[in-house]
1. List the residue pairs whose Cβ atoms are under 8 Å apart, where the first residue sits in the range 416-427 and is over 18 Å from residue 608 (Cβ atoms), the second is near the ligand (Cβ under 7 Å from one of its atoms) and basic (Lys, Arg), and the two are 6 or more positions apart or on different chains.
2. Which numbered condition in (1) in contact with a strand residue (DSSP E or B) (Cβ under 7 Å, 6 or more places away or on another chain); (2) within 13 Å of the ligand (Cβ to nearest atom); (3) of a type in the set (A, V, I, L, M) is the only one that residue 392 fails?
3. Which one of 373, 341 is surrounded by fewer than 20 Cβ atoms within 10 Å (Cβ to Cβ) and within 16 Å of the ligand (Cβ to nearest atom)?
4. Residue by residue through the range 449-463, note down the ones that are in contact (Cβ under 8 Å) with a residue 60 or more places away in the chain and of a type in the set (A, V, I, L, M).
5. Where in the range 401-506 are there helices (runs of 4 or more DSSP H), lying fully within it, with 3 or more residues that are charged (D, E, K, R), within 14 Å of the ligand (Cβ to nearest atom) and closer than 22 Å to residue 601 by Cα?
6. Exactly one condition in (1) open to solvent by 10 Å² or more (accessible area, probe 1.4 Å); (2) away from the ligand (no atom under 16 Å from the Cβ); (3) in contact (Cβ under 8 Å) with a residue 60 or more places away in the chain is not met by residue 356; state its number.
7. Sort out which residues of the range 32-61 are among the hydrophobic types (A, V, I, L, M, F, W, C), under 38 Å from the mean Cα position of the chain (by Cα) and either over 20 Å from residue 79 (Cα atoms) or modelled with pLDDT under 65 (or both), and write them in order of number.
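The values are calculated or read from the model by the stated rules, or taken from the named source; none is laboratory data. Remember, predicted model here, so these are calculated numbers, not experimental data. We place every Cβ from the backbone using ideal geometry, glycine too, and count neighbours over all the protein chains shown. Note: areas computed on protein heavy atoms with side chains; ligands, DNA, RNA excluded. Shrake-Rupley method; radii C 1.70, N 1.55, O 1.52, S 1.80 Å.
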Amino acid sequence: MGTLYIVGVPAGRADELTFRAQRTLEEVALLVTDEGTPAPDLPVGCGLAAPSVPVTDTEAILAALETGDVALLLDERRAGPSVSASGLIRAALEGGFPVVPVPGPSLPVTALILSGLPADSFICLGSLPAQPDERQALLAAVAGERRTLLILASPASLPDTLACLDDALGDRPLAVVVVSGEGTEMVWRGRLGEAAGQVVARADWLGCALVIGGARQPTDRWEEARLRAEVRARLGQGLSAREVGRQLSALSGWPRREIYRLAMEVTGNMDNLDDVTAQREPDREGMLNHVAALPHQCRQAWALTRDLKLPPHHRRANKVLIAGMGGSAIGGDLAAAVVADSAPLPILVHRDYGLPAWADEHTLVIGSSYSGDTEETLSAFEAAHERGCPLLAVTTGGRLARLAGEWGVPLLSFHYRSMPRAAVGYLFVSLLGILRALGAVGDLEADLQEGLSLLESWGAELAPDSPVERNRARQVAQALYGRVPVVVGAEVLAPVARRWKCQFNENGKGWAYFEVLPEMDHNALSGLHFPAGAADRLCVLFLTGQGLQPRNRLRLDLTRQILEEQGIACHAVPVPGRSKLAQALAGVQLGDYVSCYLAALYGADPTPIAEIATLKRRMSEGR
Ligand code: F6R
């Protein structure tokens with residue numbers, strides 16, 4: 001029976017390999033390289049005689065251990081064994097094979113020593129998650145941590161990593177330690193707030209470690225009143241909110257983003273809306289680009305469904321149920337509202353686990369999930385399979401795509417890298433294509449073309465470089481700033497109102513609500529009075545458009561009148577478009593832009609949704 005050696009190997013200078021490691025590598029029968037780690041630059045002849053396999057090849061590795069020794073190479077740029085390497089170690093231990101570490105150089109430990117920061121107790125986060133929301137949730141969780149933080153990064157991801165650290169942790173001491181062919185050295189020491197732009201990765205760097213001072217004592221942090229006064233004074237000297245944030249972060253102990261937000265609040269002035277950089281700056285992950293890509297998404301989705309042929313079982317369906325959550329459900333609401341006047345069968349959106357009792361073998365169940373891994377949607381999809389419903393999946397992959405493959409059900413798979421809500425063009429228009437293939441709606445081609453040209457012409461006016469005088473989205477964002485939005489819509493604009501609310505939550509990071517007319521007039525209209533002062537913080541937007549039923553149009557005007565009589569801030573927001581489809585698309589586009597501008601006013605990056613990511617993680621841990 002062989003031994004599994006875990007051998008620490010250098011990424012840089014080959015002569016940093018220890019004698020023991022060298023001997024082990026020469027003697028083993030098999031070398032195992034860790035995922036994502038290229039074979040290290042070892043001294044000629046050393047260990048290279050043995051064949052090598054990736055760590056994921058567990059079966060081959062365990063078989064090799066039956067007859068000889070195996071060495072797993074642990075690259076010094078790692079905080080520890082990767083998830084796959086830990087899996088292998090566990091499998092070896094469970095198989096009764098001895099596991100012996102052969103320590104070698106370690107970038108994290110060297111970095112701690114070179115940093116000069118307290119190193120007796122520290123937290124190593126490894127590499128930051130690639131997903132923005134997971135990254136933000138992780139950094140938020142350690143922002144108050146007093147111990148030294150250690151983060152590993154590749155040279156290519158360094159600028160991005162520094163920018164998010166500055167945003168999330170505020171100004172603190174920082175040491176950047178790198179490993180190159182020359183060995184390990186500290187290349188920069190200063191403050192996190194100054195590092196961006198000053199630390200530029202060199203081509204010969206192989207890996208970086210960032211050592212960051214822990215959070216300061218709370219007593220070091222300025223009182224909010226003092227910060228406010230200082231912010232006011234500096235704005236008075238003509239500095240921009242961004243510059244004030246940069247200057248005060250180190251002095252006050254407040255994160256730069258918080259100061260920026262405060263500066264915007266103190267000025268109460270939206271001049272920054274005219275400043276394109278002010279909008280672009282917090283939009284680190286490019287949400288505005290996805291909003292601009294809406295027409296492209298719609299075209300792609302329409303093309304994807306052009307030749308869709310549904311099996312006879314599907315075509316016999318007399319009800320349609322769309323199972324989805326959040327950004328993957330709203331397309332269902334929009335599609336149902338667009339075809340409400342013409343579709344000969346009910347189309348319902350189901351946002352829950354399981355299925356309602358009425359869903360039978362004549363109900364087409366469409367599982368709609370961007371990720372394909374949303375548990376509620378999967379639960380409904382699985383229940384529908386058990387019940388013998390005809391099924392169809394719309395997704396980019398995940399378990400939903402795997403189930404569709406296993407069960408041989410039609411799969412509309414699209415490839416667009418974004419947050420789910422930013423792929424709304426795909427998730428909405430593909431459903432219209434499915435309804436067309438089902439024979440449930442007529443030819444929507446002309447309406448779609450109207451919508452697409454509207455998106456393009458009006459979109460140019462709403463884009464970040466279009467001035468505020470002409471830019472309806474920026475004007476609406478100004479009106480909403482500092483207030484809780486309540487968006488009211490009727491008929492096809494009801495799901496649009498819901499979309500606005502969700503985008504104000506997820507992109508704008510703020511409270512928001514929506515109401516649907518005529519229902520609102522039978523309840524919400526009475527709830528204007530308490531608690532005292534609540535209504536002063538609201539801004540109610542009434543979405544209006546051509547083609548509304550006359551009684552609903554009258555309701556909209558009268559409802560608004562009653563709210564205004566109570567002193568509540570109200571705005572009518574006309575949504576262009578002759579057809580319902582064009583109106584739905586234009587309404588989504590306008591609201592999406594407004595949500596990004598609102599995020600910019602609050603100094604928030606529209607993309608990450610830290611709390612949703614945290615909740616999803618905790619739900620999966622609680623399983
Ligand atoms: C995130 C978003 C969320 C998701 C929801 C379901 O951008 O919009 O509302 O859409 O959590 O996830 P998916 O869409 O992957 O099924």
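1. none
2. (2)
3. 373
4. Residues satisfying the conditions are 452, 454, 455, 462, 463.
5. 493-506
6. (3)
7. 39, 53, 60, 61, listed by residue number.
Quick grid of which residues meet (1) out of contact with any Asp or Glu (no Cβ under 9 Å at 6 or more places or on another chain); (2) open to solvent by 50 Å² or more (accessible area, probe 1.4 Å):
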position: 520; (1), (2): yes, no
position: 534; (1), (2): yes, no
position: 542; (1), (2): no, no
position: 546; (1), (2): yes, yes
position: 575; (1), (2): yes, no
position: 586; (1), (2): yes, no
